[in-house]
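Presented below is the structure to which this report refers.
Bear in mind these aren't lab numbers, they're just calculated from the coordinates by the rules spelled out. The model shown is predicted, which means the values in this text are computed figures rather than measured ones. Virtual Cβ from ideal backbone geometry, glycine too; neighbours counted across all protein chains shown.
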Amino acid sequence: MDAKKQTYTGEDAWNVVAGADKICVASGKKIIEFDPATANKEDMLKKITGRTGNLRAPTLKCGNMFYVGYNTDMYDLLG
């Protein structure tokens, strides 16, 4: 999936990530983790979408986990 080429907004963004085991979101220097099964949908959508309402880029799917946004420490976790 290339969030720069294919845009996902609102419900479409939710549908992309809803079945994930975990979502890690870069938020400045922090990494916020969500479990879509238990997370507040609106709070999570605010973090995974940008000002335009589209799923933030880069968005990386690795197994059944998503990494949203860019943070060097978060991508270092991938090895």
D12 and T38 label points (each 7 Å along its Cα→Cβ direction) are spaced in nm at 3.2 nm
The exposure ranking of R56, R51, fewest beta-carbon neighbours within 10 Å first, is R51, R56
